[in-house]
Amino acid sequence: MTEPPQPPNQPPTPSGYGHLPGPPQQGHGFPPPGENPYAQAPAHPPQPGYAPQPGYAPQSGYPPQPPTVPAYPAHGLQSPPPGAPGQPPRKKLPLLIAASVAAALVLGGVGYLAFGTGDEDPGQPVAQESGDAKPSGSPSVDVGDGSGPGGNQQTDLNAGRKQGEDKVLWLKTTKIDGPGAGVGTHGQWVVGDTVAKTVGKTIKGYSVADGKEKWTITFPADICGVTRKTTDDGKTVVLYENGPSETADCNQMRMVDLKAGKEGWSKEVSKESAFDMFLDPSLAMTGDTVTVNRLTRATAFRISTGEKLFGSPAEGCVPGAYAAGNGKLIGVATCYDKDSIVEVQDADPVTGKKTWTYRLPKGWRVARVYGVDPIVLHLTNATTKESSVVVLGPDGKQRTTLSGEGSFSTECGVSRDDSLQGCATAVVDAGTLYLPTRTAPGKANEIVAFDLNTGKAKWRVPAGEGRTLEPLKAANGQLIAYRRAETRQGGEVVAIPADGSTPTALLRHPSGPSAPIESSFYSPDVDYSDGRFFISTTRLVAQDKDEKLLMVFGK
């Protein structure tokens, strides 16, 4: 496919080079309910983003909307749409959303598009874990007899383990008392010898070796915003609501030391204008700076002290969200003029001052920022149904446009954390974008590596045997990927060499009683760290019985 010539500093010419969103991605496979007491099917499948159309009226009682709409979709910690099974009415409906991200987007002969996620340093790998990292310590195995740390399961999860298969280290289950719709459990952090997870208004820390609870932090109200990032010394920032009511705002902020299991400073995020509404805000972190992103404004704070650093300007091109990483900050701003032009700006993480802008043509919006170093932007046009991914240089000038053929999935649904940067199954490293192709029932997918310098595909690695393979992260020149579990076959963590040659297995999960549990986590958070694989649910449904929360595999 030949790319049409482009003017400088512009996305692809719209005429004829767009694409239509593909069908919603179903996420991780689910076995039939009832095969295992801890392998319940989810209350509802993951949902893609959505875009209310101009003229949509907000809920009664909201102040008037600003004259234009933000440039990015407000995702944050939203739950699936109201009306889904087990789902309560949404507390507040978001305002106009200019750009929608479906969970799977089709490229094909009529489209230019490639997209991923990350904020990696071009001179360094995304993560520092080695491909053959061994777990530290000697974890005990929760055999499921009710006496271990995982809960009250009665099944030996490692029963019938085959030669060459690794172990379930532990399974944590929990029982919640709450509304029939359940509670969100977003956020999963692996920090040293601790893995932390949210449930409703609490964060709990567990030993990575054996799952024993190390600490609990309880907030005054439900946690409503998290970022998967932490500082180098294990601190993060979370948002929680300012009360228990259905009309509570998500405007309370607290720093948490995940290594020590201790709370730091707390403060309220103040409104910066009459149109500043805390509807599903999100967080972005880099260095000692965290930004609280809303629909029309964003505010930056110092993580170590809670001191306010800067806020969005009162007029002009106003950033409503920042993407962050590697000491860099990129703002996505809406220009409040007759054309509602969107521009991308660099920003100093301490002062917010910009040195360059990348201005989009009329009608184009930033749906996602997949990388900030290098800068990788997923752009959409709601009117023409076109999408494009461009790579910018450090000066903000367009470097290349990615192109490819096929159907790709990055699970950019509304339930992901980090909002603007939160696509679960796409990875960017120094010069490569890794994408999984979208799967069909019984068909194997592939991971495709795109060169960020040329925009072309470098290699394709098939999952094999009708399986689904998805990127996790890049490490030491390799891509770490997860081969999803199926009802009767455990998952696998593999390392794919930089040249796309034969993958090497790092962990082979057992295919006995644990496989249907592993394969049925609802829209899970997953991670591979220090030789262990972590998978956890992002929602618990109150059914007055134990539900799986967090599962860990290792040697």
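Can we say residue 334 is surrounded by 23 or more Cβ atoms within 10 Å (Cβ to Cβ), touching a residue at least 24 places away in the same chain (Cβ under 8 Å), in contact with a Gly (Cβ under 7 Å, 6 or more places away or on another chain) and more than 26 Å from residue 429 (Cα to Cα)? Yes; evaluated as a whole, the condition is true for this residue. In summary, strands (runs of 3 or more DSSP E) completely within the stretch 409-501 and bearing 2 or more residues that are of a type in the set (Lys, Arg) occur at 457-462.
Remark: residue 474 falls outside the filter, which requires a residue to be surrounded by fewer than 22 Cβ atoms within 10 Å (Cβ to Cβ) and within 27 Å of residue 538 (Cα to Cα).
If you take the residues in the stretch 218-248 that are of a type in the set (S, T, N, Q) and not in a loop (DSSP other than H, G, I, E, B), which one is nearest to residue 264 (Cα to Cα)?
Taking the stretch 218-248 and keeping what is of a type in the set (S, T, N, Q), we get 218, 227, 230-231, 236, 242, 245, 247.
Remaining after also requiring not in a loop (DSSP other than H, G, I, E, B): 218, 236.
On the way: 218: 13, 236: 10 Å.
Within the stretch 218-248, the match that is nearest to residue 264 (Cα to Cα) is 236.
In this structure, residue 383 does not satisfy being more than 26 Å from the chain's Cα centre (by Cα), under 21 Å from residue 231 (Cα atoms) and polar (S, T, N, Q).
If we keep just the residues of the stretch 407-424 that are polar (S, T, N, Q) and at pLDDT 80 or above, which is surrounded by the fewest Cβ atoms within 10 Å (Cβ to Cβ)?
407
Of all the listed residues (148, 187), the sole one being modelled with pLDDT under 95, under 27 Å from residue 426 (Cβ atoms) and buried (at least 18 other Cβ atoms within 10 Å of the Cβ) is 187. Whenever a residue of the stretch 526-544 is more than 20 Å from residue 165 (Cβ to Cβ), its partners that are of a type in the set (Lys, Arg) and crowded, with 19+ Cβ neighbours inside 10 Å, lying with C-beta atoms within less than 7 angstrom and at least six residues away or across chains, give the pairs 536/197; 537/548.
Might you check whether a residue that is touching a helix residue (DSSP H, G or I) at 6+ places or on another chain (Cβ under 8 Å) and of a type in the set (Asp, Glu) occurs anywhere in the stretch 485-493? The answer is yes; a qualifying residue exists. Look at (1) surrounded by fewer than 19 Cβ atoms within 10 Å (Cβ to Cβ); (2) in contact with a Pro (Cβ under 9 Å, 6 or more places away or on another chain); (3) under 20 Å from residue 523 (Cβ atoms) and you find that residue 431 fails only one, number (3). Any residue in the stretch 285-301 that is closer than 23 Å to residue 348 by Cα, surrounded by 17 or more Cβ atoms within 10 Å (Cβ to Cβ), in contact with a helix residue (DSSP H, G or I) (Cβ under 7 Å, 6 or more places away or on another chain) and not acidic (Asp, Glu)? Yes, the conditions are met somewhere in the stretch 285-301. For the stretch 509-538, filtered to residues that are surrounded by fewer than 24 Cβ atoms within 10 Å (Cβ to Cβ) and of a type in the set (D, E, K, R), the residue that is nearest to residue 476 (Cα to Cα) is 530. Across the stretch 502-524, which residue is farthest from residue 554 (Cα to Cα) among those that are without any contact (Cβ under 8 Å) to a residue 60 or more places away in the chain and either out of contact with any Asp or Glu (no Cβ under 8 Å at 6 or more places or on another chain) or part of a loop (DSSP other than H, G, I, E, B) (or both)? Top of the filtered list is 502.
The values are calculated or read from the model by the stated rules, or taken from the named source; none is laboratory data. From a predicted model like this one, the values you see are computed outputs, not experimental measurements. Glycine also receives a Cβ, built like all others from the backbone with ideal geometry; neighbour counts cover every protein chain displayed.
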